[in-house]
Amino acid sequence: MGILQGKRALIVGVASNKSIAWGVAKAMHREGAELAFTYQNERLKSRVEDFAAELGSEIALPCEVQSDEEIQGVFDLLDDYWDHLDILVHSVAFAPREELTGQFVNTTRQGFATALDVSAYSLVAVTRAAVPLMTDGGSVVTLTYLGAERVVPHYNVMGVAKAALEATVRYLANDLGPKNIRVNAISA
(Lines give C-alpha, C1' and ligand atoms only; values in the text may rest on other atoms or scores of the structure.)
Protein backbone atom coordinates (compact mmCIF):
# COMPACT_ATOMS: atom_id res chain seq x y z
CA MET A 1 0.00 0.00 0.00
CA GLY A 2 1.58 3.26 -1.16
CA ILE A 3 1.49 6.67 0.46
CA LEU A 4 -0.94 7.94 -2.20
CA GLN A 5 -3.42 5.09 -1.87
CA GLY A 6 -6.93 6.44 -2.36
CA LYS A 7 -5.72 9.79 -3.74
CA ARG A 8 -6.80 11.13 -7.12
CA ALA A 9 -4.34 13.10 -9.23
CA LEU A 10 -4.67 14.99 -12.49
CA ILE A 11 -1.45 15.18 -14.50
CA VAL A 12 -1.31 18.15 -16.88
CA GLY A 13 1.59 18.12 -19.31
CA VAL A 14 2.66 14.60 -20.23
CA ALA A 15 4.06 14.91 -23.73
CA SER A 16 6.46 11.99 -24.05
CA ASN A 17 7.94 9.09 -22.13
CA LYS A 18 10.91 11.36 -21.41
CA SER A 19 8.89 14.16 -19.84
CA ILE A 20 9.16 14.84 -16.12
CA ALA A 21 5.35 14.65 -15.95
CA TRP A 22 5.53 11.02 -17.09
CA GLY A 23 8.06 10.23 -14.36
CA VAL A 24 5.81 11.92 -11.80
CA ALA A 25 2.78 9.98 -13.06
CA LYS A 26 4.62 6.64 -12.83
CA ALA A 27 5.79 7.43 -9.27
CA MET A 28 2.29 8.46 -8.20
CA HIS A 29 0.84 5.30 -9.73
CA ARG A 30 3.46 3.19 -7.93
CA GLU A 31 2.38 4.86 -4.67
CA GLY A 32 -1.28 4.01 -5.27
CA ALA A 33 -2.77 7.18 -6.76
CA GLU A 34 -5.63 7.01 -9.24
CA LEU A 35 -4.65 9.13 -12.23
CA ALA A 36 -6.20 11.26 -14.93
CA PHE A 37 -4.32 12.98 -17.74
CA THR A 38 -4.68 15.86 -20.15
CA TYR A 39 -3.32 16.19 -23.65
CA GLN A 40 -2.68 19.42 -25.52
CA ASN A 41 -3.98 18.57 -28.98
CA GLU A 42 -5.06 15.79 -31.35
CA ARG A 43 -1.43 15.06 -32.25
CA LEU A 44 -0.75 14.04 -28.63
CA LYS A 45 -4.12 12.41 -27.91
CA SER A 46 -3.33 8.77 -28.74
CA ARG A 47 0.10 8.97 -27.10
CA VAL A 48 -1.34 10.29 -23.82
CA GLU A 49 -4.22 7.80 -23.97
CA ASP A 50 -1.62 5.02 -24.27
CA PHE A 51 0.31 6.41 -21.30
CA ALA A 52 -2.90 6.62 -19.28
CA ALA A 53 -3.83 3.03 -20.14
CA GLU A 54 -0.34 1.85 -19.16
CA LEU A 55 -1.04 3.20 -15.67
CA GLY A 56 -4.58 1.84 -15.49
CA SER A 57 -6.41 5.07 -16.29
CA GLU A 58 -9.18 5.59 -18.81
CA ILE A 59 -9.19 9.35 -18.28
CA ALA A 60 -7.38 11.43 -20.89
CA LEU A 61 -8.95 14.81 -21.57
CA PRO A 62 -8.15 17.59 -24.06
CA CYS A 63 -6.63 20.71 -22.54
CA GLU A 64 -4.96 23.55 -24.39
CA VAL A 65 -3.82 25.67 -21.42
CA GLN A 66 -4.16 28.88 -23.41
CA SER A 67 -7.93 28.33 -23.53
CA ASP A 68 -9.98 29.03 -20.40
CA GLU A 69 -12.89 27.17 -22.02
CA GLU A 70 -10.82 24.00 -22.53
CA ILE A 71 -9.44 24.20 -19.00
CA GLN A 72 -12.95 24.49 -17.55
CA GLY A 73 -14.06 21.66 -19.84
CA VAL A 74 -11.42 19.37 -18.31
CA PHE A 75 -12.77 19.91 -14.82
CA ASP A 76 -16.39 19.64 -15.93
CA LEU A 77 -15.58 16.26 -17.49
CA LEU A 78 -13.40 15.18 -14.58
CA ASP A 79 -16.35 15.84 -12.28
CA ASP A 80 -18.22 13.12 -14.23
CA TYR A 81 -15.55 10.59 -13.20
CA TRP A 82 -14.57 11.71 -9.71
CA ASP A 83 -16.35 13.42 -6.85
CA HIS A 84 -13.14 15.12 -5.72
CA LEU A 85 -9.53 15.81 -6.67
CA ASP A 86 -6.58 15.51 -4.30
CA ILE A 87 -3.58 16.43 -6.45
CA LEU A 88 -3.00 18.65 -9.47
CA VAL A 89 0.35 18.29 -11.24
CA HIS A 90 1.16 21.18 -13.58
CA SER A 91 4.04 20.29 -15.88
CA VAL A 92 3.58 22.77 -18.69
CA ALA A 93 6.09 25.18 -20.20
CA PHE A 94 6.72 26.60 -23.64
CA ALA A 95 8.54 29.38 -25.43
CA PRO A 96 8.98 29.71 -29.17
CA ARG A 97 12.29 28.13 -30.19
CA GLU A 98 13.65 31.39 -31.61
CA GLU A 99 13.27 33.02 -28.18
CA LEU A 100 15.75 30.55 -26.68
CA THR A 101 18.67 31.40 -28.95
CA GLY A 102 20.79 34.49 -29.14
CA GLN A 103 20.58 37.24 -26.55
CA PHE A 104 17.68 37.75 -24.15
CA VAL A 105 17.58 41.44 -25.10
CA ASN A 106 16.21 40.37 -28.48
CA THR A 107 13.15 38.65 -26.99
CA THR A 108 10.02 39.65 -28.87
CA ARG A 109 6.91 40.94 -27.17
CA GLN A 110 4.88 38.02 -28.55
CA GLY A 111 7.51 35.45 -27.50
CA PHE A 112 7.58 36.93 -24.00
CA ALA A 113 3.77 36.90 -23.75
CA THR A 114 3.54 33.32 -25.00
CA ALA A 115 6.20 32.05 -22.59
CA LEU A 116 4.53 33.68 -19.59
CA ASP A 117 1.02 32.66 -20.61
CA VAL A 118 1.82 28.99 -21.16
CA SER A 119 4.50 28.55 -18.51
CA ALA A 120 3.19 30.67 -15.62
CA TYR A 121 -0.38 31.93 -16.10
CA SER A 122 -1.60 28.44 -16.97
CA LEU A 123 -0.89 27.42 -13.36
CA VAL A 124 -3.33 30.09 -12.17
CA ALA A 125 -5.96 29.03 -14.69
CA VAL A 126 -5.82 25.28 -14.03
CA THR A 127 -5.62 25.77 -10.26
CA ARG A 128 -8.67 28.06 -10.26
CA ALA A 129 -10.62 25.39 -12.15
CA ALA A 130 -9.36 22.59 -9.86
CA VAL A 131 -10.19 24.23 -6.53
CA PRO A 132 -13.93 23.38 -6.57
CA LEU A 133 -13.01 19.66 -6.80
CA MET A 134 -10.52 19.91 -3.92
CA THR A 135 -13.29 19.64 -1.36
CA ASP A 136 -11.08 18.17 1.38
CA GLY A 137 -7.99 20.25 0.63
CA GLY A 138 -5.31 19.07 -1.70
CA SER A 139 -1.98 19.67 -3.31
CA VAL A 140 -0.95 21.61 -6.39
CA VAL A 141 2.54 20.86 -7.70
CA THR A 142 4.32 22.56 -10.57
CA LEU A 143 7.78 22.13 -12.04
CA THR A 144 10.38 24.86 -12.15
CA TYR A 145 14.07 25.10 -12.96
CA LEU A 146 17.27 26.79 -11.76
CA GLY A 147 16.99 29.21 -14.68
CA ALA A 148 14.43 31.10 -12.57
CA GLU A 149 17.20 32.07 -10.14
CA ARG A 150 20.23 32.58 -12.35
CA VAL A 151 21.13 32.97 -15.99
CA VAL A 152 21.35 29.70 -17.89
CA PRO A 153 22.66 29.96 -21.46
CA HIS A 154 19.95 29.49 -24.11
CA TYR A 155 17.16 29.47 -21.50
CA ASN A 156 16.44 33.18 -21.97
CA VAL A 157 12.73 34.02 -21.68
CA MET A 158 12.02 30.65 -20.04
CA GLY A 159 14.09 31.79 -17.05
CA VAL A 160 11.85 34.82 -16.71
CA ALA A 161 8.75 32.63 -17.13
CA LYS A 162 9.97 30.22 -14.43
CA ALA A 163 10.66 33.14 -12.08
CA ALA A 164 7.08 34.29 -12.69
CA LEU A 165 5.89 30.72 -12.07
CA GLU A 166 7.68 30.63 -8.72
CA ALA A 167 6.10 33.95 -7.67
CA THR A 168 2.74 32.57 -8.81
CA VAL A 169 3.23 29.57 -6.51
CA ARG A 170 3.75 31.88 -3.52
CA TYR A 171 0.62 33.92 -4.25
CA LEU A 172 -1.52 30.83 -4.88
CA ALA A 173 -0.21 29.24 -1.67
CA ASN A 174 -1.21 32.38 0.23
CA ASP A 175 -4.71 32.32 -1.27
CA LEU A 176 -5.34 28.59 -0.96
CA GLY A 177 -3.55 27.67 2.26
CA PRO A 178 -6.63 28.55 4.34
CA LYS A 179 -8.56 25.97 2.24
CA ASN A 180 -5.95 23.33 3.14
CA ILE A 181 -4.61 23.34 -0.42
CA ARG A 182 -0.82 23.31 -0.58
CA VAL A 183 0.93 24.82 -3.61
CA ASN A 184 4.55 23.96 -4.30
CA ALA A 185 7.15 24.07 -7.06
CA ILE A 186 9.77 21.38 -7.54
CA SER A 187 12.98 22.11 -9.42
CA ALA A 188 14.40 19.35 -11.53
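The values are calculated or read from the model by the stated rules, or taken from the named source; none is laboratory data. Source: prediction; values computed, not measured. No Cβ is skipped: glycine too gets one built from the backbone with ideal geometry, and neighbour counts run over all protein chains shown. Ligands, DNA and RNA are stripped out before the accessible areas are found, and what is left, the full protein with its side chains, is counted by its heavy atoms. Shrake-Rupley method; radii C 1.70, N 1.55, O 1.52, S 1.80 Å.
Condition first: hydroxyl-bearing (S, T, Y) and closer than 14 Å to A25 by Cβ. Now tell me which residues in segment 36-72 satisfy that.
Correct list: T38, Y39, S57.
Whether any residue in segment 4-24 is in a helix (DSSP H, G or I) and more than 30 Å from Y155 (Cβ to Cβ) is what I want to check. Give the derivation first.
Initially, segment 4-24 is screened for residues in a helix (DSSP H, G or I), giving 20-24.
Subsequent filtering for residues that are more than 30 Å from Y155 (Cβ to Cβ) retains none.
For segment 4-24, residues in a helix (DSSP H, G or I) and more than 30 Å from Y155 (Cβ to Cβ): absent.
Please go through segment 57-102 and give me each residue that is open to solvent by 70 Å² or more (accessible area, probe 1.4 Å) and assigned to a loop (DSSP other than H, G, I, E, B), ordered by number.
Across segment 57-102, the qualifying residues are E58, Q66, D83, F94, T101.
Could you identify the single residue in G111, G137 that is on the phi > 0 side of the Ramachandran plot and in contact (Cβ under 8 Å) with a residue 24 or more places away in the chain?
On the way: G111 fails: on the phi > 0 side of the Ramachandran plot.
Unique residue meeting the criteria: G137.
Restricting to segment 25-47, count the residues that are farther than 20 Å from V131 by Cβ and either among the hydroxyl-bearing types (S, T, Y) or open to solvent by 40 Å² or more (accessible area, probe 1.4 Å) (or both).
12
Give the residues of segment 143-152 that are open to solvent by 40 Å² or more (accessible area, probe 1.4 Å) and either in a strand (DSSP E or B) or under 17 Å from A188 (Cβ atoms) (or both), sorted by residue number.
Y145, L146, E149, R150
Which residue, of R150, R182, R170, is charged (D, E, K, R) and over 20 Å from V89 (Cβ atoms)? Before you say what the answer is, go through the steps one by one.
Numbers: R182 fails: over 20 Å from V89 (Cβ atoms); R170 fails: over 20 Å from V89 (Cβ atoms).
Exactly one of R150, R182, R170 is charged (D, E, K, R) and over 20 Å from V89 (Cβ atoms), namely R150.
Out of segment 113-133, which residues are open to solvent by less than 10 Å² (accessible area, probe 1.4 Å) and over 13 Å from the mean Cα position of the chain (by Cα)?
Across segment 113-133, the qualifying residue is only A115.
In segment 154-175, is there at least one residue being at pLDDT below 95 and either part of a loop (DSSP other than H, G, I, E, B) or under 24 Å from R97 (Cα atoms) (or both)? Explain how you work it out, then say what you get.
Our first condition is that a residue be at pLDDT below 95; within segment 154-175, this holds for 154.
Narrowing the set further to residues that are either part of a loop (DSSP other than H, G, I, E, B) or under 24 Å from R97 (Cα atoms) (or both) leaves 154.
Checking segment 154-175: at least one residue is at pLDDT below 95 and either part of a loop (DSSP other than H, G, I, E, B) or under 24 Å from R97 (Cα atoms) (or both).
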